[in-house]
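Read through the structure below, which is laid out as C-alpha coordinates, and then see the notes.
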Amino acid sequence: MKVAILTDTNSGIFTPDENAGLFVLPMPIVIGDDTYYEGENLSEKELCRFMEQGEKVTTSQPPIGMLMDKLDSILAAGFEEVVYIPMSSSMSSSCQTASMVAKEYGGKVYVADNHRISVTQKDSVMDALRMAKKRAGGKKILRHLEEDAFNCTIYLSVSSLEQLKKGGRISPSAAAIATVLSIKPVLTFRGEKIEPYEKVRGSMYRAQLKMIDALHKDVDRRYPKVDPERIRIGVAGFGIDEGEQARWLELAANAFPLADVRYDPLPASVGAHTGAGAYGIGITVEGKV
(Lines give C-alpha, C1' and ligand atoms only; values in the text may rest on other atoms or scores of the structure.)
Protein backbone atom coordinates (compact mmCIF):
# COMPACT_ATOMS: atom_id res chain seq x y z
CA MET A 1 0.00 0.00 0.00
CA LYS A 2 1.48 3.33 -1.12
CA VAL A 3 0.20 6.03 1.27
CA ALA A 4 0.91 9.76 1.08
CA ILE A 5 0.86 12.09 4.07
CA LEU A 6 -0.62 15.55 3.55
CA THR A 7 -0.52 18.31 6.16
CA ASP A 8 -0.85 22.09 6.28
CA THR A 9 1.67 24.76 7.21
CA ASN A 10 0.15 24.98 10.70
CA SER A 11 2.54 22.09 11.40
CA GLY A 12 5.54 24.34 10.86
CA ILE A 13 6.40 22.26 7.78
CA PHE A 14 6.70 24.47 4.72
CA THR A 15 8.74 22.35 2.32
CA PRO A 16 7.24 19.12 0.94
CA ASP A 17 9.25 15.98 0.30
CA GLU A 18 7.13 14.45 -2.42
CA ASN A 19 9.59 11.65 -3.15
CA ALA A 20 9.14 10.54 0.47
CA GLY A 21 5.37 10.92 0.25
CA LEU A 22 5.10 14.16 2.25
CA PHE A 23 2.89 16.95 0.86
CA VAL A 24 2.05 20.36 2.31
CA LEU A 25 -0.96 22.64 1.88
CA PRO A 26 -0.21 26.35 2.46
CA MET A 27 -2.51 28.20 4.87
CA PRO A 28 -4.13 31.42 3.63
CA ILE A 29 -3.48 34.63 5.57
CA VAL A 30 -5.71 37.60 4.77
CA ILE A 31 -3.97 40.97 5.07
CA GLY A 32 -6.24 43.89 4.34
CA ASP A 33 -8.04 42.95 1.13
CA ASP A 34 -5.35 40.56 -0.12
CA THR A 35 -4.86 36.84 0.50
CA TYR A 36 -1.36 35.43 0.94
CA TYR A 37 -0.19 31.84 1.38
CA GLU A 38 2.20 30.89 4.13
CA GLY A 39 5.51 29.60 2.87
CA GLU A 40 4.75 30.60 -0.73
CA ASN A 41 4.37 34.37 -1.00
CA LEU A 42 4.43 35.32 2.69
CA SER A 43 7.34 34.92 5.08
CA GLU A 44 7.43 35.39 8.84
CA LYS A 45 9.37 38.66 8.49
CA GLU A 46 6.88 40.00 5.97
CA LEU A 47 3.93 39.12 8.19
CA CYS A 48 5.57 40.87 11.15
CA ARG A 49 6.16 43.94 9.01
CA PHE A 50 2.49 44.04 7.96
CA MET A 51 1.41 43.88 11.61
CA GLU A 52 3.88 46.59 12.61
CA GLN A 53 2.32 48.80 9.93
CA GLY A 54 -1.09 48.30 11.53
CA GLU A 55 -2.56 46.14 8.77
CA LYS A 56 -5.57 44.00 9.67
CA VAL A 57 -4.49 40.35 9.65
CA THR A 58 -6.88 37.39 9.76
CA THR A 59 -6.53 33.67 9.11
CA SER A 60 -8.65 31.34 7.03
CA GLN A 61 -8.88 27.70 6.01
CA PRO A 62 -7.58 26.42 2.65
CA PRO A 63 -10.14 26.79 -0.16
CA ILE A 64 -11.96 23.56 -0.95
CA GLY A 65 -10.79 23.74 -4.55
CA MET A 66 -7.15 23.98 -3.48
CA LEU A 67 -7.53 20.95 -1.21
CA MET A 68 -9.22 18.89 -3.93
CA ASP A 69 -6.60 19.87 -6.50
CA LYS A 70 -3.88 18.75 -4.09
CA LEU A 71 -5.62 15.43 -3.38
CA ASP A 72 -6.19 14.84 -7.08
CA SER A 73 -2.55 15.46 -7.91
CA ILE A 74 -1.32 13.15 -5.13
CA LEU A 75 -3.54 10.28 -6.24
CA ALA A 76 -2.62 10.90 -9.88
CA ALA A 77 1.05 10.56 -8.88
CA GLY A 78 0.44 6.91 -8.00
CA PHE A 79 -0.41 7.00 -4.30
CA GLU A 80 -3.27 4.69 -3.39
CA GLU A 81 -4.34 6.52 -0.21
CA VAL A 82 -3.83 9.91 1.41
CA VAL A 83 -3.82 10.68 5.14
CA TYR A 84 -4.48 14.38 5.70
CA ILE A 85 -3.40 15.90 9.04
CA PRO A 86 -4.80 19.43 9.38
CA MET A 87 -4.67 21.67 12.42
CA SER A 88 -6.86 20.85 15.44
CA SER A 89 -10.60 20.86 14.79
CA SER A 90 -11.02 22.92 17.96
CA MET A 91 -9.15 25.82 16.36
CA SER A 92 -10.42 25.76 12.78
CA SER A 93 -13.22 24.33 10.65
CA SER A 94 -10.69 23.09 8.09
CA CYS A 95 -10.76 19.58 9.60
CA GLN A 96 -14.56 19.31 9.29
CA THR A 97 -14.45 20.70 5.76
CA ALA A 98 -11.75 18.23 4.76
CA SER A 99 -13.78 15.34 6.23
CA MET A 100 -16.67 16.26 3.94
CA VAL A 101 -14.34 16.50 0.95
CA ALA A 102 -12.86 13.09 1.77
CA LYS A 103 -16.25 11.45 1.17
CA GLU A 104 -15.86 12.25 -2.52
CA TYR A 105 -12.81 10.02 -2.82
CA GLY A 106 -14.31 6.60 -2.17
CA GLY A 107 -12.28 5.65 0.89
CA LYS A 108 -8.93 6.78 -0.52
CA VAL A 109 -8.62 9.85 1.72
CA TYR A 110 -8.46 9.78 5.53
CA VAL A 111 -8.69 12.98 7.58
CA ALA A 112 -7.13 12.76 11.04
CA ASP A 113 -8.74 14.86 13.76
CA ASN A 114 -5.41 14.96 15.53
CA HIS A 115 -6.18 17.91 17.88
CA ARG A 116 -2.72 19.37 17.41
CA ILE A 117 -0.94 22.40 15.99
CA SER A 118 2.62 23.64 15.50
CA VAL A 119 5.41 21.47 16.98
CA THR A 120 3.07 18.72 18.22
CA GLN A 121 1.29 18.55 14.86
CA LYS A 122 4.69 18.19 13.18
CA ASP A 123 5.49 15.20 15.39
CA SER A 124 2.21 13.59 14.28
CA VAL A 125 3.15 14.13 10.64
CA MET A 126 6.56 12.53 11.17
CA ASP A 127 4.97 9.55 12.96
CA ALA A 128 2.49 9.12 10.11
CA LEU A 129 5.25 9.32 7.52
CA ARG A 130 7.27 6.62 9.29
CA MET A 131 4.19 4.37 9.36
CA ALA A 132 3.58 5.00 5.67
CA LYS A 133 7.17 4.03 4.87
CA LYS A 134 6.54 0.75 6.71
CA ARG A 135 3.57 0.16 4.37
CA ALA A 136 0.88 0.78 6.98
CA GLY A 137 -2.51 1.52 5.41
CA GLY A 138 -4.40 4.79 5.79
CA LYS A 139 -6.90 3.34 8.25
CA LYS A 140 -4.14 2.11 10.59
CA ILE A 141 -2.30 5.44 10.43
CA LEU A 142 -5.54 7.31 11.13
CA ARG A 143 -6.29 5.13 14.16
CA HIS A 144 -2.82 5.75 15.62
CA LEU A 145 -3.05 9.53 15.11
CA GLU A 146 -6.45 9.83 16.75
CA GLU A 147 -5.62 7.50 19.65
CA ASP A 148 -2.41 9.44 20.34
CA ALA A 149 -3.93 12.88 19.74
CA PHE A 150 -4.06 14.14 23.34
CA ASN A 151 -0.70 12.69 24.32
CA CYS A 152 0.87 16.16 24.13
CA THR A 153 0.93 19.65 25.65
CA ILE A 154 1.88 23.11 24.39
CA TYR A 155 2.74 26.20 26.43
CA LEU A 156 2.85 29.68 24.88
CA SER A 157 3.75 33.18 26.03
CA VAL A 158 3.76 36.55 24.29
CA SER A 159 5.97 39.60 24.70
CA SER A 160 3.14 42.02 23.92
CA LEU A 161 -0.64 41.84 24.18
CA GLU A 162 -1.19 44.34 21.38
CA GLN A 163 -2.07 41.81 18.69
CA LEU A 164 -4.33 39.84 21.04
CA LYS A 165 -6.09 43.12 21.83
CA LYS A 166 -6.55 43.92 18.14
CA GLY A 167 -8.02 40.48 17.55
CA GLY A 168 -10.52 40.92 20.35
CA ARG A 169 -9.05 38.09 22.41
CA ILE A 170 -8.27 40.40 25.31
CA SER A 171 -9.92 43.66 26.32
CA PRO A 172 -8.06 46.98 25.89
CA SER A 173 -8.23 47.61 29.66
CA ALA A 174 -6.78 44.19 30.49
CA ALA A 175 -4.02 44.71 27.92
CA ALA A 176 -3.19 48.12 29.37
CA ILE A 177 -3.00 46.78 32.93
CA ALA A 178 -0.82 43.87 31.87
CA THR A 179 1.53 46.21 30.02
CA VAL A 180 1.86 48.57 32.99
CA LEU A 181 2.51 45.68 35.39
CA SER A 182 4.82 43.93 32.88
CA ILE A 183 2.73 40.78 32.95
CA LYS A 184 3.54 37.94 30.55
CA PRO A 185 0.62 35.50 30.26
CA VAL A 186 1.48 31.82 29.94
CA LEU A 187 -1.15 29.86 28.04
CA THR A 188 -1.58 26.12 27.57
CA PHE A 189 -3.11 23.94 24.86
CA ARG A 190 -3.82 20.24 25.24
CA GLY A 191 -5.94 19.69 22.15
CA GLU A 192 -9.30 21.22 22.97
CA LYS A 193 -8.79 24.91 23.63
CA ILE A 194 -6.19 27.45 24.64
CA GLU A 195 -6.46 28.19 28.36
CA PRO A 196 -4.64 30.50 30.80
CA TYR A 197 -1.96 28.70 32.78
CA GLU A 198 -0.28 31.43 34.83
CA LYS A 199 0.68 35.11 34.79
CA VAL A 200 4.35 35.98 35.14
CA ARG A 201 5.59 39.44 36.08
CA GLY A 202 8.83 40.63 34.59
CA SER A 203 10.89 39.51 31.62
CA MET A 204 10.14 36.98 28.91
CA TYR A 205 13.01 34.92 30.34
CA ARG A 206 10.94 34.39 33.50
CA ALA A 207 8.00 33.30 31.34
CA GLN A 208 10.27 30.84 29.54
CA LEU A 209 11.40 29.38 32.85
CA LYS A 210 7.75 29.04 33.90
CA MET A 211 6.93 27.14 30.67
CA ILE A 212 9.87 24.80 31.18
CA ASP A 213 8.84 24.22 34.80
CA ALA A 214 5.32 23.39 33.60
CA LEU A 215 6.74 20.93 31.10
CA HIS A 216 8.82 19.25 33.81
CA LYS A 217 5.62 18.80 35.83
CA ASP A 218 3.97 17.24 32.77
CA VAL A 219 6.82 14.75 32.45
CA ASP A 220 6.62 13.86 36.15
CA ARG A 221 2.83 13.49 36.23
CA ARG A 222 1.95 12.15 32.79
CA TYR A 223 5.06 10.31 31.66
CA PRO A 224 6.85 9.06 34.81
CA LYS A 225 7.64 5.66 33.27
CA VAL A 226 8.56 6.88 29.79
CA ASP A 227 12.19 6.56 28.71
CA PRO A 228 13.51 10.17 28.62
CA GLU A 229 14.97 9.52 25.17
CA ARG A 230 11.41 9.02 23.85
CA ILE A 231 10.42 12.51 24.98
CA ARG A 232 10.23 15.01 22.12
CA ILE A 233 10.43 18.71 22.93
CA GLY A 234 9.68 21.27 20.26
CA VAL A 235 10.47 24.91 21.02
CA ALA A 236 9.11 27.58 18.74
CA GLY A 237 9.03 31.30 18.24
CA PHE A 238 7.52 33.99 16.07
CA GLY A 239 9.15 37.27 15.15
CA ILE A 240 12.37 36.59 17.08
CA ASP A 241 15.90 36.81 15.68
CA GLU A 242 18.34 33.94 15.23
CA GLY A 243 20.14 34.75 18.46
CA GLU A 244 16.90 34.51 20.45
CA GLN A 245 16.00 31.29 18.67
CA ALA A 246 19.35 29.78 19.67
CA ARG A 247 19.02 30.94 23.29
CA TRP A 248 15.49 29.53 23.60
CA LEU A 249 16.61 26.22 22.11
CA GLU A 250 19.63 26.05 24.41
CA LEU A 251 17.50 26.77 27.48
CA ALA A 252 15.15 23.90 26.64
CA ALA A 253 17.95 21.51 25.66
CA ASN A 254 19.73 22.11 28.98
CA ALA A 255 16.46 21.52 30.86
CA PHE A 256 15.82 18.22 29.08
CA PRO A 257 19.29 16.84 28.27
CA LEU A 258 18.11 13.33 27.31
CA ALA A 259 15.14 14.40 25.19
CA ASP A 260 15.00 15.07 21.46
CA VAL A 261 14.85 18.90 21.43
CA ARG A 262 14.49 21.04 18.32
CA TYR A 263 13.45 24.54 17.20
CA ASP A 264 10.66 25.31 14.71
CA PRO A 265 8.96 28.57 13.74
CA LEU A 266 5.46 29.15 15.05
CA PRO A 267 3.01 29.02 12.13
CA ALA A 268 1.43 32.19 10.82
CA SER A 269 -1.98 31.06 12.09
CA VAL A 270 -0.56 31.46 15.62
CA GLY A 271 1.73 34.42 14.97
CA ALA A 272 -1.07 36.42 13.37
CA HIS A 273 -2.81 36.43 16.78
CA THR A 274 0.19 36.67 19.10
CA GLY A 275 2.28 39.19 17.20
CA ALA A 276 6.08 39.23 17.19
CA GLY A 277 7.96 38.06 20.25
CA ALA A 278 5.92 34.93 20.91
CA TYR A 279 7.54 31.83 22.39
CA GLY A 280 6.15 28.32 22.57
CA ILE A 281 7.22 24.89 23.75
CA GLY A 282 5.50 21.55 23.25
CA ILE A 283 5.96 17.94 24.30
CA THR A 284 5.05 14.62 22.70
CA VAL A 285 6.17 11.05 23.24
CA GLU A 286 7.63 8.98 20.46
CA GLY A 287 5.63 5.82 20.16
CA LYS A 288 6.22 2.47 18.49
CA VAL A 289 5.05 3.21 14.98
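The values are calculated or read from the model by the stated rules, or taken from the named source; none is laboratory data. Since the structure is predicted, the reported quantities are computational estimates derived from the model, not experimental observations. Note: ideal-geometry Cβ built from the backbone for every residue, glycine included; neighbour counts use all protein chains shown. Please note that ligands, DNA and RNA were not included when accessible areas were found on the heavy atoms of the full protein model with its side chains. Shrake-Rupley method; radii C 1.70, N 1.55, O 1.52, S 1.80 Å.
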The stretch 235-264, subset open to solvent by less than 40 Å² (accessible area, probe 1.4 Å) and assigned to a strand (DSSP E or B), residue nearest to Met51 (Cα to Cα): Phe238
Among residues of the stretch 30-45, those that are open to solvent by 70 Å² or more (accessible area, probe 1.4 Å) and either outside any strand (DSSP E or B) or in contact (Cβ under 8 Å) with a residue 40 or more places away in the chain (or both), counted: 4
Members of the stretch 196-221 found to be assigned to a strand (DSSP E or B) and not acidic (Asp, Glu), listed by number: Pro196, Tyr197, Lys199, Val200, Arg201
Unmet requirement for Pro224, which otherwise passes all of (1) in a loop (DSSP other than H, G, I, E, B); (2) surrounded by 14 or more Cβ atoms within 10 Å (Cβ to Cβ): (2)
Matching residues, the stretch 60-85, being modelled with pLDDT under 95 and in contact with a strand residue (DSSP E or B) (Cβ under 6 Å, 6 or more places away or on another chain): Ser60, Pro62
Verdict on Arg247 being among the basic types (Lys, Arg) and closer than 15 Å to Thr120 by Cα: no
Failed item, numbered, when Ala98 is tested on (1) out of contact with any Pro (no Cβ under 7 Å at 6 or more places or on another chain); (2) touching a residue at least 24 places away in the same chain (Cβ under 8 Å): (1)
Output for the stretch 1-29, where each listed residue is open to solvent by 30 Å² or more (accessible area, probe 1.4 Å), under 22 Å from Cys95 (Cα atoms) and either touching a Leu at 6+ places or on another chain (Cβ under 7 Å) or modelled with pLDDT of 95 or more (or both): Pro16
Selection within the stretch 266-289 - open to solvent by 30 Å² or more (accessible area, probe 1.4 Å) and touching a Gly at 6+ places or on another chain (Cβ under 6 Å): His273, Ala276
Strands (runs of 3 or more DSSP E) contained in the stretch 56-113 and holding at least 1 residues under 17 Å from Val270 (Cβ atoms) and under 22 Å from the mean Cα position of the chain (by Cα): 57-59, 81-85
Residue satisfying condition, being crowded, with 21+ Cβ neighbours inside 10 Å, closer than 18 Å to Ile141 by Cβ and touching a residue at least 40 places away in the same chain (Cβ under 8 Å), within set Val109, Val82: Val82
Residue match in the stretch 198-221 (condition: touching a helix residue (DSSP H, G or I) at 6+ places or on another chain (Cβ under 7 Å), at pLDDT below 90 and either under 22 Å from Arg116 (Cα atoms) or not β-branched (Val, Ile, Thr) (or both)): yes
